Amino acid sequence: MVIESDSSLANRILSNLMSFQYTILPVAIRSADVFEQLKTHDPDLIILDLEFAGDMDGITLGEAIHSSSNKPIVLLTDKSDNLAHARVQAINPYGFVLKNFDTYRFPAVISIALQKYRTECQLRASEERLRLIADFTYDWEYWRDKDGQFIYISPSVERITGYTQAELFKDPNLLDVMVHPQDREISRDHSQRHKINPGITEIKVRIITKDGRIRWLQHICQPVIDENGKFLGNYATNHDITEQQKAEMTLIENEKRYRSLFEDSRVSLWEEDFSDAKLFIDGLLDGGVTNIPEYFHDHPDQFSECISRIKILDINKAGLAMYNLPDKESVFENAGKIFRAADKRLMLNELQALADGVTVYDDEGVNLDLDGNPVDVQIHWSMSPDVPDKYSRVLVSIVDVTSRRSRERSLELISTISLAVREAKNRMEMLQVIDDQITRVFHTTGWAAALTNTDRSRCTIERASGHWEYLTGTTFESADPLFRHFFADDQPVIYLRGDHLPSAVTIADDYASLHRILCPLIAEEQVLGAMVIGRESPFTDNDKELLHSLSNILAVALYRTSLLDKTRKFADQMAAISTLGQRLTQTLNLKEIYKHLAEGVLQICPDVMNVFILSLDSDVRTYHCDFWLHKGKEIDVSRFSTFPLWVSVSGSLNEVIRSRQPLVIDRYNEYLLQSIKNIASDIDVSRIMSGVFIPLVVKNEILGVLHLHSSRENCFTQSDIDLLLPLASTGAIAIKNSRLFTETNARFKRLSMLRTIDLAISSNLDMKVTMNVLIHELMAFLEFKAVDILLYDPGRQLLEFCTGRGIDEPALENLSIRLGEGMAGKAALENRVVIYSPSEKGEYTELPGVFYSPGVHKSYVAVPMMSKGQIKGVIEAYFSDKKHLTTEWLQFLETLAGQVAIALDNNALVSELKRSNQELVMAYDSTLEGWSKALDLRDRETEGHSHRVMELTIELAAAFGLQGDDLLHIRRGALLHDIGKMGIPDSILLKEGPLTDDEWIVMRKHPVYAFEMLSTISYLSQALDIPYCHHEHWDGQGYPRGLKGEQIPLAARIFAVADVYDSLVSDRPYRKAWTKEKALEQIRKEAGTHLDTKIVDVFLRLME
C-alpha cells in the first residue's frame, strides 16, 4: 500500500516497484482511503510519506496505522532530521527512504523491510508455540532476565505454590521468600555458583506455599544465551517431588527398621547372592543339561563349583547361634563346610529351584552346625523386590525344627498306630498292630498284653511275642501275685535287667533277664489290662512318655471296641424292635401281635425259655393267659382258666399291675414258683431261675403283663429292661389298637344290623319278613346257635311261636307259653333280660325252656320286646359255647328288641289305617260312579258313553306306559269328563236341533264349570286334567283355553283320542254309528290337528 498525497512522487514509486513485479493497491491520497483499504485488503508492506498532506499529517496517520495493525511501515521523507523524532520512533518503522531516492536503493530497502517482517512473524509464531507449551506443562517454569526480573511464568505456579503469576511479576522477591528457612542457604549458594559458572544446575529445596504447606521441589536452572553468546537470563524448571521425597524417606526408615529386625530376629536370617550360581546353572541349561539334580549327582565337582558361587552377604545373630558360629567373619570362612555338609537332597532341590527361575522357595532338610551336629531345618527364601538383578539379593530364613521333627516322628508313630488300630476289625488285630509297631520302633525282644474281664476277677494274656510268645492264653485270677504285679500302678513303671519279681510270681524264666517297662491300659477310669515291653537296652524317659501315649491309645481303642460291640448289639436290637414295631403297627390281628411281641423278646433276650402274655380285665379284676411261647414253640392256652387278682404281695403279678413298673426276679423262691403254676398248671418250674414282669401300659391304662423266665440266675439286666420297655410299650399300643378295632368293628356291625333291621321294618309291612331279617342278622353277627321269636297274644295271654332258625320249626308252630312259664315267660312277665348258663360242673338247676338242648346249647338269653309299656313278645337266643355278654351287648339286645316291638306296634296301626283308608276310597269311587250315571240319565243320547270312554282311556294310558296312581286319577277324570254339563241349561243341552252361536258359547263353558266344581275337592285335584282340557286341540284350535301341542296335559290328550273314537262308533240322534274302520280312518286324519300324533299311533296299534 502506498500513502502519498504528491501524485508525481506516487507515480515514480509505482513505476519503480512495478518493475520488480510487486502487486500495488491504489494509491491512498486521503486518510479515509487508508483505513478503507486496510479493512478490505491485507498488504504485506505500507509506504508512508511523513509529509503527507491531508486531514491527518504523516506522523499521526502512522501512529494510527501502527496502533491498529502490526503491518511493517517504510517511511518517505525529504529530511533525514525528521527520523529522530520520538513520535517517528514510536511507529517502529522497518525502513527509511529519502524522496530523492535512486532506482537501485529504493527496491533494496523495500526487500529488506519485507524480509525483516517475515522473520519477525516466524519468530512470534515460534514464541507463541513455546509459550503455549510452557503454559500447559505440569511443572512450574519461569524465565528471569539478567536483572532478576520475570520475563515468563507458567500457570502451574499457582497449583504448586499457591501464588499467581501476577503476584510474582509484581514482586519477584517472593521467589526467595517462599523457600523454606532451612533451605535458603542452599538456594543462595545455588544462585552464587550459577552466576560464577553458568550452566545447568540442580538442587532440591523445600518451599512454603501460600497456604502454609511444605512442598519439595526439584529445581533445574539453565542460562539463556542468544546467537551471539550474550547472556539473556535464566530459565528454570521446578518439579514437585513431595510424594517422591516422602517415599524415599519412608524407604530409608524402612531400611533402618529392616536392619534392626534382621539383626534382632529370633529366626536365623541370611542375605545371600545367588546370581553367580544362577548364571552357572543357566550355562548348564544352555549347554543341553535337562535335569539339574541328576546332573550334579553324576558330577560332584560341578556341584561343588556351583555351591561355591553362592555368596553370603550377611547373617543375623540368631543364625550365628544356630550354627555355633562365633561371629560374622567365621561365616565366610566356614560357609563351604556348612553347605557341603548339609543334606545334599536339600541343596539339589534349591539348585533345581534356581534352574526353574522361582522367586519364592520352601523346603525342609538337615544341616550341620560348626561342631558337625545335625540340625533339622525349615528353609524359606525369596527375592528382594527392590533389586534389579533379583537373584543378587536373596533373603533366606532358616528355622531350627529339630525338636519339632522329633515330636513329629513320635506323633507319626502314634498316628500310624492310631490309624491302624481304628482300621482293625477286632481286638486281636488291634493287639497285633501295637505289637508290630512297638517291636519295629523300640527293637523289642519281648512283648505281652494282659486284659481283664469286666469285673476284674481274672486276667488273660491275650497276645505275646518274642521271648514271651508261649505265654499267650495264660489266665490268672485276681488273687494271683502276677495279677497284682501287672496292675500295681496306674502309671508306666520301668524295670531294669535283674529286677526280680516277688517269689510267688511264676512266669517265664527269662522275664527278668530283659529291661522292661510295664504300662497299664486305662480308659474312662477303667483298668482294662496292662502292656509289658522288654528289650536288651534300657528304656529312657522319652521312651516311657511315648509308650505311655501308645498304651493310652490302645486302652481307648479297646474301650471303644467294647463300646462299639455293645452299640452294635444295641443297634441290632433296636433295629429288630423297630422292625417289630412296624409289624405290630401293620396288623390288628391280636394273635399276630402276640407272636411279633414274643419274637421281639427273644431277639433282645435269647436266653428266655418262657414268654407269657397275660391280659387284664380291669372291670372284673381278673387276668388270663392269652399267649405262651415255650422254648420257641407256641402252647395252646385255650384250656387255661381266668383268675382273680390277689391281694397285693411284694414280688407278685398284682404288685406289677398296681405299680405299673417292671419287676425283676433275680432268683425265684417256692412261693413265686407256685404263682407261675397258677398261670399254667402243667408248666415245669424246676428249671426256672429268674424272671421279669413288664407291664403293658397305654396312657396309664394297664392292658396286661409280659412275663418272662430264664434258666439262669440274674439273667435280666437293666439294659435288657431298657430295651424291653419300648418293645412292651409298642406292643401295648398295638394290643390297644386291636381291641379298639374289634370294639369299633363290633359297634359298626351293631349299627349296620340296626340299620338293616330298620330298613326291613320301614320298607316292608310283612312282619314275617321283618322277623326273618332280624333272626338272620342275630345269627350272622352274634354267632347264635339258634334264635326264635315268640309273639304275645293279649287276648289269650300266651306267647306263641312266630318264627325261628336252628330249631325244629314245624314241631313248634302250635307251641304256646304262658306268662311266667320258663325263661321266656319270666322275661315277658318281669320285663327283664334273662341269662342262663350251666354251672362249672355242667349241671343245670333249671332248664331255660322247651327249646333248650343241654347237649347242644351251653348258654341262653331271653329278651322281652316292649312297646309303650306293653309286652309284644320275646326273643330267645341259644349259644353253643359260654358267652360273656357285656353290659354293652345286653343293652344292644334290649334296644333291638324294643325296635322290633315298636315295629310290631306300628304294623298293627298301619294295618288298621289301611283298612280304613280302603273303605273311604271305595266310598269316594262309588260317589263318582253315581255322578257319572246321573249325567247319563240327563243326556240319554250319551248314555253309557262315560263308562265306555273311561275303559278305553285306561287301556290306552296303560299301553302308553302309565300305571298305578296315574291310572287311578285318569279313571276318575274320565268318569267325570262331562261333569261340567251339569251347569248347562236343559234348553241347550237337550236341544234337538243345531245350536246357535250364542248357545255354543254357553255349551263350550262346561269344561270351565267342571274345573270350578272339582278344583275345591283335594281328593280330585289330580283328576282335573281330563274334565278341564279334553276339548283342547293339538293345533290350538280347541277350547276353553286354546292350548297347543304338549301344553295340553297328557291325560287330556289320551282321553281325546278315546272320546272321539267312542263318539264315532256310537249312535247319535243326528247320525248312525260309524264302522270301526271308518272311525279309525277319521282318527288318522285328525292326527296332528285335533289329536296328538304319538298317541294316535299307539291307539291304532292297540286297536289292531
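The values are calculated or read from the model by the stated rules, or taken from the named source; none is laboratory data. It should be emphasised that the depicted structure is a prediction, and the values quoted were computed from it without experimental measurement. Here Cβ is always computed from backbone atoms with ideal geometry, including for glycine, and neighbour counts include all displayed protein chains.
One table, with the values for the structure above:
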item: Residue within segment 222-231 that is within 30 Å of Arg144 (Cα to Cα), under 60 Å from the mean Cα position of the chain (by Cα) and surrounded by fewer than 18 Cβ atoms within 10 Å (Cβ to Cβ) present; result: no
item: Residues of segment 546-561 that turn out to be among the charged types (D, E, K, R) and modelled with pLDDT of 85 or more, as a count; result: 0
item: Near pairs, Cβ below 9 angstrom, 6+ apart or cross-chain, from segment 697-723 (charged (D, E, K, R)) to any residue that is part of a strand (DSSP E or B); result: Arg712/Ser690; Glu713/Ser690; Asp720/Val664; Asp720/Val692
item: Test: residue in segment 1066-1080 that is at pLDDT 90 or above, surrounded by 20 or more Cβ atoms within 10 Å (Cβ to Cβ) and not small (Gly, Ala, Ser); result: no
item: From the options Leu1050, Leu1014, Leu1020, residue that is closer than 21 Å to Phe960 by Cβ, assigned by TED's automatic domain parsing to the domain that holds Ile970, surrounded by 15 or more Cβ atoms within 10 Å (Cβ to Cβ) and not hydroxyl-bearing (Ser, Thr, Tyr); result: Leu1050
item: Residue in segment 737-754 that is assigned to a loop (DSSP other than H, G, I, E, B), over 18 Å from Pro864 (Cα atoms) and at pLDDT below 80 present; result: no
item: Evaluation of Ser719 against (1) more than 45 Å from the chain's Cα centre (by Cα); (2) assigned by TED's automatic domain parsing to the domain that holds Ser618; (3) not aromatic (Phe, Trp, Tyr) (one fails), failing number; result: (1)
item: Some residue of segment 930-948 being modelled with pLDDT of 85 or more, within 24 Å of Arg1053 (Cα to Cα) and assigned to a helix (DSSP H, G or I); result: yes
item: Unique residue being at pLDDT below 70, surrounded by fewer than 19 Cβ atoms within 10 Å (Cβ to Cβ), part of a helix (DSSP H, G or I) and not hydroxyl-bearing (Ser, Thr, Tyr) when the list is Arg484, Arg497; result: Arg484
item: Residue match in segment 625-638 (condition: modelled with pLDDT under 75 and either touching a Cys at 6+ places or on another chain (Cβ under 8 Å) or over 19 Å from Leu724 (Cα atoms) (or both)); result: yes
item: Any hit, segment 37-50, residues being on the phi < 0 side of the Ramachandran plot, of a type in the set (D, E, K, R) and crowded, with 19+ Cβ neighbours inside 10 Å; result: yes
item: Qualifying residue in segment 239-256 (condition: of a type in the set (Ser, Thr, Tyr) and closer than 30 Å to Ala318 by Cα); result: yes
item: Qualifying positions in segment 592-613 - in contact with a Phe, Trp or Tyr (Cβ under 6 Å, 6 or more places away or on another chain) and outside the structural domain of Phe693 (by TED's automatic domain parsing); result: Tyr594
item: Given (1) modelled with pLDDT of 75 or more; (2) within 60 Å of the chain's Cα centre (by Cα); (3) surrounded by 12 or more Cβ atoms within 10 Å (Cβ to Cβ), number of the condition Thr540 does not satisfy; result: (3)
item: Sole residue being touching a residue at least 12 places away in the same chain (Cβ under 8 Å) and part of a helix (DSSP H, G or I), chosen from Gln1022, Gln1037; result: Gln1022
item: Failed criterion for Asp371 (all others in (1) surrounded by fewer than 16 Cβ atoms within 10 Å (Cβ to Cβ); (2) under 58 Å from the mean Cα position of the chain (by Cα); (3) modelled with pLDDT under 85 hold); result: (2)
item: Residue ranges of strands (runs of 3 or more DSSP E) in segment 14-104 with at least 3 members of a type in the set (Val, Ile, Thr); result: 73-77
item: Hits in segment 276-295 - residues which are part of a helix (DSSP H, G or I) and either aliphatic (A, V, I, L, M) or at pLDDT below 90 (or both); result: Ala277, Leu279, Ile281, Leu284, Leu285, Ile292
item: Number of the condition not met by Gln899 [criteria: (1) among the polar types (S, T, N, Q); (2) modelled with pLDDT under 70; (3) buried (at least 16 other Cβ atoms within 10 Å of the Cβ)]; result: (2)
item: Sole exception among (1) surrounded by fewer than 17 Cβ atoms within 10 Å (Cβ to Cβ); (2) under 51 Å from the mean Cα position of the chain (by Cα); (3) at pLDDT 85 or above; (4) over 26 Å from Arg409 (Cα atoms) for Thr472, by number; result: (2)
item: Candidate set from segment 214-243 (those that are within 19 Å of Pro172 (Cβ to Cβ) and aromatic (Phe, Trp, Tyr)); member that is modelled with the lowest pLDDT; result: Phe231
item: Matching residues in segment 399-421 - criterion: being out of contact with any helix residue (DSSP H, G or I) (no Cβ under 7 Å at 6 or more places or on another chain) and in contact (Cβ under 8 Å) with a residue 60 or more places away in the chain; result: Val399
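Condition check ((1) modelled with pLDDT of 85 or more; (2) touching a Lys or Arg at 6+ places or on another chain (Cβ under 6 Å); (3) surrounded by fewer than 16 Cβ atoms within 10 Å (Cβ to Cβ); (4) assigned to a strand (DSSP E or B)) across all residues:
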| site | (1), (2), (3), (4) |
| --- | --- |
| Ser187 | yes, no, no, no |
| Glu202 | yes, no, yes, yes |
| Gly212 | yes, no, yes, no |
| Gln245 | yes, no, no, no |
